[in-house]
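Written below as structure tokens is the structure these notes are about.
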Amino acid sequence: MSIILDKVNYIYGSETAYELHALKDINLVIEDGQFIGIIGHTGSGKSTLIQHFNGLIKPTSGSIYYNGEDISDSDFNKKKLRSKVGLVFQYPEHQLFEVNVFEDVCFGPRNLGLSEKEAQLRAYEALKMVGFEEDLFYQSPFELSGGQKRRVAIAGVLAMKPDILILDEPTAGLDPKGRDEILEQIKTLHETTNMTVILVSHSMEDVAKYVDRLIVMNQGEVKYDDTPKEVFGHYLELEEMGLAAPQVTYIMNRLREKNIPVNVNVTTIEEAKEEILRVFKNR
Amino acid sequence: MIRDITIGQYYPKDSVIHKLDPRTKLVGTLAYIISLFLFNNFLGYIVVTLFLVGVIKASQVPFRFIIKGLKAIIMLLMITVLFNLFLTKGTPLVEFWIFTITKEGLRISLFMAIRLIYLIIGSSMMTLTTTPNQLTDGLESLLGPLKKIKVPVHEIAMMMSIALRFIPILLEETDKIMKAQIARGADFESGNLVKKAKSLVPLLVPLFISAFRRANDLAMAMEARCYSGGEGRTKMKPLLYQVNDYRAYAIFVLYFAAIIAMEIVL
Ligand SMILES: Nc1ncnc2c1ncn2[C@@H]1O[C@H](COP(=O)(O)OP(=O)(O)OP(=O)(O)O)[C@@H](O)[C@H]1O
Ligand SMILES: [Mg+2]
């Protein structure tokens, strides 16, 4: 169970005046069970990249393999791939259309050809998984708050029981509380189901806390692909790309400059606290 | 996938033709189209060809973009040519079965084809070098006198430019929603007509909602900036003729005169 990208290039509007080389020679292996973050500034090609994972976009050149099968082969079952690689788009609430929340979440499983009973069961489970309140199940999806809509949309993909869940900026436009709740739920999901999760984000703080592998995109290329700690070690280069390491990285580096022997390799506030306390206790 | 269709097909470049005032280009294109039907001699074709080649060279638009527009009229072109070829009476040139090709037919169909092609190329030269917004601006200004007889020229132009502005946005939105539903297993291609129509619901509902939301936002934003129609409205970039525009008009007049003179003399 893996996705392999081999020298993938993608050009928007090729052969027109607006040609745009959005992805350049991308080589990636997505292993099972990982929690991966993809980060990069606006327009760096994150959304373009993830749409390749479930075959929504065909690469201009290069190949993509899912479990060893080339997904551009004519006899490859794309529908199956899409049910196994669930993709939640940026602003997924824009795709809601049914009369009520429950029906909307049933849309995915029904498309898989499941029985009505199975589809409803899955919809119920999925809505529970994203922490959606039961008394709103039969509300029109258009009458919900932004955060609630986002959950419904995520549930709509979860109900298809994918092996790999890809979320494109699931927290865009949410308040800090809504953001933390959604991210926590995704983390719980990852831990309980051992699903592979790919999280696209702008915010270093978000990804630092959750992911165990971080892919940094810059102008259509993969710039770093490593553990968050290693990646944040390049915080000066990240800055040049218009990104920033988490604030604790800056604090720890500053402390180091002042000859306080802290380990700069921490990524979350919690770890930073422990590290600083440790150093001070040893004095 | 859908974004590949570009409406208006503007080709961004910084050429002399691009910088001309849209009014000049509109009037020029009109004059050019009329001129195509004014002459009927061989020399005329040479003059028109020279003129067209000159404009294309000056516009710096690659030739393959210009002939793209021709694809749309290929059917029309074929039919015109075939009808003229086989149905014109005159001195027979070739005869087989029930068909006769006459000398006159050959001549007429050939010239007809050239005229049609030149017509399309000429008008795409305008759309390739002028943004849709400039075009509506130009139209508004040219049709300005109609305001005197109570035609709401400004409002019509505003509606046109908003509609043009929204086409790419809605196309992009359609593309996004379609992809999002495909990711949820939707199938827009297979099945019979009823099934296909049904499968459009998950696409159309979100699309309409988003269109209404955008329209609402736009109306609000316009109102917040005190938009109240054309009355007393000034422009940030009023259309002003530059030296090049006068030169262009001079060239048009010369070209037009040449075509007419030839027709009279020859
Ligand atoms: N449908 C499209 N047609 C043409 N160009 C596109 C299209 N979608 C994206 N692009 C361009 O491709 C580049 C990469 O876009 P992409 O959406 O992948 O960026 P991103 O990293 O997801 O950005 P963001 O953080 O803003 O979502 C951008 O320069 C964008 O303008
Ligand atoms: Mg994006």
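Before moving on, here are some points about what is shown:
- Take the accessible area of chain A alone and of chain B alone, subtract that of the pair, and you get about 2000 Å² summed over both chains, using a 1.4 Å probe.
- Take the Cα radius of gyration of chain A and divide it by 2.2 N^0.38 Å, N being the number of residues; the result is 1.09.
- Karplus-derived HN-Hα couplings along the stretch B:93-105 (A = 6.51, B = -1.76, C = 1.60, θ = phi - 60°), whole Hz, x at Gly and Pro: 10, 10, 9, 8, 6, 9, 9, 10, 10, 9, 4, 5, x
- Segments A:274-282, B:77-85 sorted - mean Cβ within 10 Å per residue, highest first: B:77-85, A:274-282
- Residue among A:G113, A:G131, A:G156 with the largest mean-square fluctuation in a Gaussian network model of chain A, springs linking Cα atoms under 10 Å: A:G113
- For chain B, the per residue solvent-accessible surface stands at 63 Å², with DNA, RNA and ligands left out and a 1.4 Å probe.
- Exceedance of the 26 Å cut-off in Cα-Cα distance is limited, within the set B:K25/B:K237; B:K71/B:K196; B:K25/B:K57, to B:K71/B:K196.
- Charge dipole of chain B (Cα centre as origin; +1 on each Lys and Arg Cβ, -1 on each Asp and Glu Cβ, all else neutral): 260 debye, rounded to the nearest 20.
- Charge dipole (Cα centre; +1 on Lys/Arg Cβ, -1 on Asp/Glu Cβ; no other charges) of the stretch B:1-138 amounts to roughly 140 debye.
- Of interest is the spacing of the C-alpha centroids, which for the stretch A:92-110 and the stretch B:226-262 amounts to 53 Å.
- Listed residues B:R64, A:R150, A:R179, B:R225 arranged by accessible area, highest first, probe 1.4 Å: B:R225, B:R64, A:R179, A:R150
- With N as its number of residues, the stretch B:1-153 has a Cα radius of gyration that, divided by 2.2 N^0.38 Å, comes to 1.29.
- Reduction of at least 20 Å² in accessible surface, 1.4 Å probe, comparing all protein chains with the chain by itself, residues of the stretch A:123-171: A:F142, A:M160
- Helix axis angle, B:74-87 relative to chain B longest principal axis, alpha carbon, degrees: 30 degrees
- Principal axis dimensions, chain B - Cα atoms, whole angstrom, descending: 65, 55, 38
- The residues of the stretch A:96-121 occluded by other protein chains by 40 Å² or more of accessible area, set against the chain on its own, are A:F97, A:F107; surface from heavy atoms, 1.4 Å probe.
- Between helix A:101-111 and chain A: long-axis angle, C-alpha atoms, 0 to 90°, nearest 10: 80 degrees
- Ordering A:L127, A:G86, B:V153 by Cα displacement along the dipole of the protein assembly as shown toward the positive end leaves B:V153 in first place; charges were set at the Cβ atoms of Lys, Arg (+1) and Asp, Glu (-1).
- For the stretch B:154-233, a crude dipole built from +1 on the beta carbon of Lys and Arg and -1 on the beta carbon of Asp and Glu, taken about the Cα centre, is about 280 debye to the nearest 20.
- For the stretch A:1-113: accessible area per residue (Å², 1.4 Å): 42 Å²
- Alpha-carbon spread of the protein assembly as shown, three principal axes, descending order, Å: 106, 63, 49
- Candidates B:K13, B:K148, B:K235: whichever shows maximal mean-square fluctuation once chain B is modelled as a Gaussian network with Cα springs under 10 Å: B:K235
- Nonpolar atom fraction for the protein assembly as shown, defined as the carbon and sulfur part of the 1.4 Å probe accessible area, stands at 61 percent.
- Lysines with Cα under 21 Å of B:K195, excluding same-chain neighbours fewer than 8 positions away: A:K78, A:K79, A:K80, B:K179
- All-pairs Cα distance distribution in the stretch B:154-233, expressed in whole percent, bin size 5 Å: 3, 13, 17, 19, 14, 11, 9, 7, 5, 3, 1, 0
The values are calculated or read from the model by the stated rules, or taken from the named source; none is laboratory data. Note that the structure is a prediction, hence the values are computed from the model and not measured. All Cβ positions, even for glycine, are placed from backbone atoms using ideal geometry, and neighbour counts span all protein chains on display. All accessible areas refer to the heavy atoms of the entire protein, side chains included, with ligands and DNA or RNA removed. Shrake-Rupley method; radii C 1.70, N 1.55, O 1.52, S 1.80 Å.
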